[in-house]
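Read through the structure below, which is laid out as structure tokens, and then see the notes.
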Amino acid sequence: MQQPEKVSGLLTVLAIAAALVMANSPLRGLYELVHHTPVAIRVGELQVEKPLVIWINEGLMVFFFLLVALELKREALEGHLASAAHVALPAFAAAGGMLVPAAIYLAFTWGDPVASRGWAIPTATDTVLALAALHALGARVPGSVKAFLTALAIFDDVGAIVILAALFTRDISLLSLLFAGAGVVAFTVINRLGVTRPSAYVVLGFGLWVAVLESGVHATLAGVLIGLAIPLHARGDAGSPLLAAERGLRPWVALGVVPLFAFFNSGLALPALGAAELSYAVALGAAAGLALGKQAGILGAAWVAVRLGVARLPAGASWMHIYGAALMAGIGFTMSLFFVGVAFGNQGPLPLSAKVGVLAGSLASAVLGAAFLALAARGKAAGR
């Protein structure tokens, strides 16, 4: 794990704590004021005005998904995911780690079509926090297990992208979608022509984001499309545009975007929990999906893949290590909160209930995962 991600884990935890303190203190009014401050972007006669929290969730998070797409493309072309031997286990595990939590959530919310819209909430893994927690254990966890969780998180992000693209769309604007399609074609053309000038990608990227924002498709998908369009290799000795973009974005996303998102989406007013008509089905579905569904799905799918002979355990790793990593993958925090906003918005009892479940499930997963891996390391050391 690189230094920005290590610091990002700490900053994200501090941001969560700050949001909870502000939401449950005399500063609550200030927190809500900043949260809902209207911010307008105006270009000529075109003006888009939204609350600050929406700009964070649908604006800044574009850069998060852009970085995810860059990492995915690099890993698929030249990294861990370029080899079938390295792909099978995390791919199977990620699939199980999304299907089982979704099934658990739907079991809790069965018969309530509105509450059931949040089925994607427990399918997500907070890559930054999960890897930060794993790396905090240091040498007690084999490097191959950390690589496994990293690859698992990448497939998890791919799943999140597919869910966003396929299911969470508003009323579609065909004209805006047409402009977005033209933007994708333009990106493909400049990629084929070997264009490496950053300004070309910035201008096209902004236009694509506006088109996607107005199309009814979630705006963060623009980041994915832009990331996949940036070439890994340039003609001649110009270096790698993809690696340059990844290096430039990483500290801003890790140290700025992720903590800001956590701060703006974690402010649960605890006194309001007693007064609000909480949906216990949503809260329990999210918590159980993360704390129980993730570990069961990942471990079960990994075991099936190994038994079928299509995958093998990472070098130096045991089933106890895989189970510990599966527990850590239940830390869904920022990505689960992202799906809360996508499924339910930011106001009302359903998002409040879901956030309670995400907090509880993520915290339980972090504590159980760290404790289990520490015990596994101690048992291995004692057996030597």
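Along the range 93-103 the Karplus relation, 6.51 cos²θ - 1.76 cosθ + 1.60 evaluated at θ = phi - 60°, assigns HN-Hα couplings of 4, 5, 4, x, x, 9, 5, 5, x, 4, 5 Hz to successive residues, with x for each Gly and Pro.
For VAL39, the residues whose amide H sits under 5 Å from its own are LYS50, LEU52, ignoring neighbours fewer than 5 places away on the same chain, with H placed 1.01 Å from N. Computed over Cα pairs, the Kirkwood radius of the chain leads via Stokes-Einstein (1.306 mPa s, 10 °C) to a diffusion coefficient of 74 µm² per second. Over the range 1-114, Cα pairs under 8 Å with separation of 6+ residues give a relative contact order of 9 percent. For the range 84-210, relative contact order (Cα pairs under 8 Å, six or more residues apart, normalised by length) works out to 24 percent. The convex hull drawn around the Cα atoms of the range 166-205, when projected onto a plane and averaged over every direction, covers 3.6 nm². Could you count how many Lys pairs in the chain have their Cα atoms under 24 Å apart, skipping same-chain pairs fewer than 8 positions apart? Here the count comes out as 8. Take the Cβ atoms of MET320 and SER83, set R0 to 22 Å, and the FRET efficiency comes out at 0.30. Across the chain, C-alpha contacts under 8 Å between residues 6 or more apart give a mean separation that, scaled by the residue count, equals a relative contact order of 30 percent.
Within the listed set VAL202, VAL145, VAL43, the residue fluctuating most in the Gaussian network model of the chain (springs between alpha-carbon atoms under 10 angstrom) is VAL43. Report the Cα centroid-to-centroid distance between the range 1-68 and the range 328-374 in angstrom, as an integer. Rounded to whole Å, the Cα centres lie 17 Å apart.
FYI, it's all coordinate maths here, none of it is from the lab. In this text, all values refer to a predicted model and were calculated from it rather than measured experimentally. Please note: Cβ atoms are built from the backbone with ideal geometry, for glycine as well, and neighbour counts cover all protein chains shown.
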